[in-house]
Amino acid sequence: MANDNAKLSKNLLRMKFMQRGLDADTKKQLEEEERRIISDEHWYLDLPELKAKENFIIEERSFGPCEDLKYGRMSFKGFNTEVEKLMIVMNAPNEEELEEEEMSRMETDITDEDMARRYESLVGSMKKKFAKKRERSVIEDVNQNATETETKRAFLKPQD
Amino acid sequence: MGELQRVYFRFCCFFLVFLCHIYCFPYQKCTFTDMLSCFKDKVGDVLLPGDVFSFQMPESITDSKPEKVVCGPGLRRNGDEVLVCKSGILRHKQPNLYWIDSQQRRYVPGKGESVIGIITAKSGDIFKVDVGGSEQASLSYLAFEGATKRNRPNVQVGDLVYSQFIIANKDMEPELVCIDSCGRANGMGVFGAGGLLFKVSLGLVRRLLAPQSEIAKDLEKMFPFEIVVGMNGRVWVKSKTIQQTLIVANLLESCENMTAQQRQTLFRRVADGSI
């Protein structure tokens with residue numbers, strides 16, 4: 001049982017129970033050394049590093065993107081309705097980007113204002129549904145005079 | 001003049017033209033940063049095959065990253081040089097696309113182009129399609145919308161297909177598909193019961209498919225008909241009656257060599273008169 005770490009062999013130090021007490025830094029160093037040992041044993045070609053030449057000139061063979069050619073199937077005056085639908089779909093990917101902002105608003109079935117109005121009334125009706133019977137009548141009479149509700153409901157003795 | 005003198009005269013003319021070409025438009029040498037300005041100077045000029053744009057890479061590329069240049073049809077990369085291989089006018093499109101605008105009738109398959117093909121043979125899992133190129137293209141039977149191994153598409157020999165190239169280069173056999181990358185047909189596949197298929201030049205095809213095509217606008221006003229235009233110069237037309245189909249086919253074939261005015265007068269005459 002040696003006291004200095006230097007007298008312990010490397011294999012012993014690499015064992016799991018010896019590594020639990022180490023810091024993260026020393027662990028990393030040990031890992032790197034192991035990797036170096038492994039990579040030294042691997043065979044490799046002793047050639048200079050070849051860098052792929054960056055190509056700044058790109059070749060492109062087709063006329064399509066050069067002149068922005070349209071879709072090849074066309075139909076005029078409603079001869080083939082499916083092809084006319086296709087024409088709109090295929091020819092418009094560039095135009096759609098500009099119109100997307102407008103279109104996203106138009107696509108909703110009701111406008112935002114209608115939605116707000118509806119929601120207002122919805123809140124009122126849902127509240128009524130879950131209110132107790134006495135509160136329900138209060139809510140209904142909200143628009144009428146408030147003086148009627150001020151009288152407290154107490155037991156009225158019969159006069160006779 | 002005697003025969004020999006005529007030959008000598010012709011040779012001298014040719015030599016003079018050759019010399020002019022050599023000295024008036026020499027080897028274009030520019031640094032990489034000037035490359036774009038070299039190109040830009042020549043936009044709109046007529047270039048001949050053999051003209052070269054050569055670039056010298058700067059020693060240190062750390063400071064300014066050189067911009068990419070895209071060479072379209074008619075321009076070819078040769079190491080660090082760009083060669084012109086077709087005669088025509090140099091065109092430019094933002095941001096960095098240059099190409100040579102030229103005319104030809106012979107089609108060379110290019111990747112991504114939509115063409116009209118004729119099925120010539122069925123062999124095992126693929127169809128052989130004639131696209132008008134130097135060799136026949138292959139079209140797999142699974143490359144149709146909704147096709148599986150059990151559910152084969154209904155394609156016969158002699159059918160017309162509108163399809164796209166996925167492989168088209170000089171080293172490999174061209175391959176076609178009738179679906180896009182999402183698996184949808186988008187109008188591709190077998191078409192055309194009836195109608196007429198005829199051949200036009202590639203320049204007319206480009207004029208027909210241009211974004212603001214005047215020919216297409218003129219055609220719209222005529223009568224209802226349907227047309228499929230393939231980039232390989234093949235056009236298929238179908239209309240209500242055979243006579244109308246033939247009229248449209250003849251109009252398109254004659255559009256090639258007419259000015260815009262002549263074409264419009266012709267179309268107007270057809271629309272008014274002889275239907």
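With each label modelled as a point 7 angstrom along the Cα→C-beta vector, the residue B:272-residue A:20 pair spans 10.4 nm.
Rounded to 0.05, the FRET efficiency of the residue B:103 and residue A:39 pair, given R0 = 60 Å and the Cβ-Cβ distance, is 0.50. Checking every one of the GluC sites (Glu not before Pro) in segment B:61-157 against DSSP loop status and a limit of 16 other Cβ atoms within 10 Å picks out B:67, B:135, B:145. Full extension of the chain between residue A:68 and residue A:11 gives 13.7 nm of extra length, using 0.36 nm per residue less the Cα-Cα distance. Among the listed pairs A:70/B:170; B:40/B:170; A:70/B:149; A:77/B:93; B:217/B:238; B:42/B:86, which are separated by more than 24 Å between their Cα atoms? From A:70/B:170; B:40/B:170; A:70/B:149; A:77/B:93; B:217/B:238; B:42/B:86, over 24 Å: A:70/B:170; B:40/B:170; A:70/B:149; A:77/B:93. Taking square-rooted eigenvalues a ≥ b ≥ c of the alpha carbon gyration tensor, is segment B:124-201 rounded, prolate or oblate, where a/c under 1.5 means rounded and, failing that, a/b exceeding b/c means prolate? Oblate, since a/c reaches 1.5 and b/c is not below a/b.
On the beta carbon distance between residue B:217 and residue A:46, with R0 = 56 Å, the FRET formula returns roughly 0.25. Between the beta carbons of residue B:87 and residue B:171, assuming R0 = 30 Å, the FRET efficiency works out to 0.75 to the nearest 0.05. For a paramagnetic label modelled on residue B:48 (point 7 Å from Cα along Cα→Cβ), amide N atoms under 12 Å away belong, within segment B:77-110, to B:87-88.
Each reported figure results from applying straightforward, stated rules to the coordinates on display, with no laboratory input. Note that the structure is predicted; figures quoted are calculated from it, not measured. Cβ sites come from the backbone with ideal geometry, for glycine too, and all protein chains shown count toward neighbours.
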